[in-house]
Structure formats: C-alpha cells, structure tokens
Amino acid sequence: MLISCGKNKNQENLNILPSVSSKSEKIKVLNFATFHIGTTSDAHSVDFDEKDKKNQEDAQKIAQLIAQFNPTIICVEFPRERNQKLNNAYQNYLNNPNKVPAEYGEIG
C-alpha cells in the first residue's frame with residue numbers, strides 16, 4: 001500500500017510510483033522499520049508500553065525525523081482489503097491532524 005504525503009496532485013493514484021526521467025536523477029529513500037507495537041501473531045513479540053512517557057517521547061522524535069525527511073510516498077504493512085479505509089483515515093488526518101481515530105493513531 002502506498003500513501004502520498006506530497007502536495008503533488010498528479011500522484012493521486014496511490015498505486016503508481018512516480019517515474020524517474022533520467023538515469024542521472026537520484027531518489028532519496030528512507031527505509032525505516034519497527035516492531036509491532038500491539039498484539040501480533042508474529043513469531044516474536046516485544047514488550048512495549050505505549051503509555052510510558054519515555055516511549056511516547058521517543059516515538060514523537062522518530063515522527064519528527066521522518067517529517068523532516070519530507071517523504072512523498074509512505075509504504076505501510078496493512079491488509080490489502082483495508083487499504084481504502086486506511087487511505088481515508090490518512091486523508092482525514094491531513095485535514096485535521098488533531099483528530100485521529102484510535103485505531104489509526106500510529107499513522108499520525
């Protein structure tokens with residue numbers, strides 16, 4: 001699933017990556033991953049308290065660093081059948097960053 005964060009209206013189709021016009025153009029890529037912060041069916045789980053003040057501060061710092069990178073596309077691990085619901089939640093977040101449903105709080 002792809003989510004566009006840029007202001008470019010030409011990238012409204014979220015399933016198409018922007019093309020590069022020449023071999024000399026370089027695209028900056030930030031590859032960032034983290035553990036699942038909630039209950040998971042993965043083989044390994046991490047004990048994480050999302051209500052812990054330090055954990056909240058650390059998550060905020062990470063969010064600020066990602067925002068400084070100014071991504072135009074974000075890929076997230078999410079079930080395909082829920083793409084539209086997530087895309088709608090993200091667009092709602094962009095329109096009102098202070099109102100994020102609890103289910104999607106991690107995208108804000």
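The values are calculated or read from the model by the stated rules, or taken from the named source; none is laboratory data. Everything numeric in this text was worked out from a predicted model, so none of it was measured. Don't worry about glycine lacking a Cβ; one is built from the backbone with ideal geometry, like all the others, and counts go over all protein chains shown.
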Self-check item: Subset of the stretch 21-42 that is surrounded by fewer than 10 Cβ atoms within 10 Å (Cβ to Cβ) and at pLDDT 75 or above - its residue that is farthest from residue 77 (Cα to Cα)
Solution: 25
Practice problem: Among the numbered conditions (1) out of contact with any Gly (no Cβ under 7 Å at 6 or more places or on another chain); (2) closer than 24 Å to residue 94 by Cβ; (3) modelled with pLDDT of 75 or more, tell me where residue 55 comes up short. | Solution: (2)
Quiz item: Does residue 69 qualify as being of a type in the set (Phe, Trp, Tyr) and at pLDDT 85 or above?
Solution: yes
Exercise. Examine the stretch 48-62 for a residue that is without any contact (Cβ under 8 Å) to a residue 40 or more places away in the chain, loosely packed, with under 10 Cβ neighbours inside 10 Å, outside any helix (DSSP H, G or I) and on the phi < 0 side of the Ramachandran plot, and state whether such a residue exists.
Key: yes
